[in-house]
Amino acid sequence: VGVSVGQWASEFGSVLAASPAGGSVYSSTGYSCSVTCGRVSFALGLHGPCASYDTACSASLLANHGSVRALQRLECESALSAGVNMILDPAAMRGNAVAGFTSVRGRSHTFDTRADGYARGEAIDAFACRLGEGDAAVVVLGSAVRQDGRSASLTAPNGQAQQGVLAASLADAQLAAAQAAVLEAHGTGTALGDPIEAGAVASIFLAPRSSAPLVAGSLKANAGHTEPGAGLAGASKLLLQLCDAAVPPNAQLR
């Protein structure tokens, strides 16, 4: 069984350092992101591929990508994909506010004229994955990873790169864009990022469609931006919505 965890700098580290437990022999492995995946494998006695991913907001999606590829290459029989974000240290919140990332209203207004930054959120998500399960309710058909490359700034998205990764994921899944019915968007609620993402989605998913609508949304409007846990948190929300929509029990969600 493989373990892939999406996580970034642990705020528990600074909290631990300021407490009496900071001098413990266990403190160095108590908050390290590189140890999180190993701790899960250790606790459960798992011997499969084991890796932590820190790619900021895409970390849990990258973790799931790692699980998908490990399963496809028969490196493991099953895999656990996870993402985690916990808000424990005010210093991190202040840093994001000073940088202008977070909303002064304290809310992520996704695809909204009121968008002024995102609200931080917490999440712990985990997906158990298997290969070749013919009766699986949820099937991952494709996955793709790309980078923005050159853009207006380090944190500014690149619309062409976003189109590229969307097209690559469809190609990996061997699906046409017109076959997609629902999209869980990044949708952080920023005046810069949301229009760029909307443009990329329109170019890939709407251009080839005739009349069928594409329903799009983002968990961040309700739960905030869970940062490294955001990808799998959004996937969880999408699956729950589909289940609430009276999908037949034998249907496969792809």
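Answer rounded, prolate or oblate for the chain, using the Cα gyration tensor with square roots of eigenvalues a ≥ b ≥ c: rounded when a/c is under 1.5, else prolate when a/b is larger than b/c, else oblate. In terms of gyration-tensor shape, oblate. Spatial offset of the stretch 66-123 relative to the stretch 140-186 amounts to 18 Å, using the alpha carbon center of each. To put it simply, the accessible area of the chain at a 1.4 Å probe is 59 percent carbon and sulfur.
In the chain, which longest range has no GluC sites (Glu not before Pro) that are both DSSP loop (not H, G, I, E or B) and surrounded by at most 15 other Cβ atoms within 10 Å? It works out to 134-254. For Leu183, the residues 5 or more places off, or on other chains, whose built amide H falls under 5 Å of its own are Val215, Ala216, Gly217.
In a DSSP loop and with at most 12 other Cβ atoms within 10 Å, the trypsin sites (Lys or Arg not before Pro) in the stretch 104-188 are Arg114, Arg150. Think of the chain as a dipole: +1 on every Lys or Arg Cβ, -1 on every Asp or Glu Cβ, centred on the Cα centre; then among Val98, Leu183, Leu214, Val98 lies furthest on the positive end. Counting charges near Ala235 (Lys, Arg +1; Asp, Glu -1) among other residues having Cβ under 12 Å from its Cβ returns a value of -1. Among the trypsin sites (Lys or Arg not before Pro) in the stretch 25-76, those located in a DSSP loop and surrounded by at most 15 other Cβ atoms within 10 Å of their own Cβ are Arg73. Computed over neighbours whose Cβ is under 11 Å from that of His225, the net charge equals +1, Lys and Arg +1, Asp and Glu -1. At a probe radius of 1.4 angstrom, the accessible area of the chain per residue rounds to 55 square angstrom.
In a simple Cβ point-charge model (Lys, Arg +1; Asp, Glu -1; nothing else charged), the chain has a dipole of about 240 debye relative to its Cα centre.
The values are calculated or read from the model by the stated rules, or taken from the named source; none is laboratory data. These numbers were taken from a predicted model, which means no experiment stands behind them. Please note: Cβ atoms are built from the backbone with ideal geometry, for glycine as well, and neighbour counts cover all protein chains shown. Note: accessible area is taken over every heavy atom of the protein model, side chains too, but ligands, DNA and RNA are not part of it. Shrake-Rupley method; radii C 1.70, N 1.55, O 1.52, S 1.80 Å.
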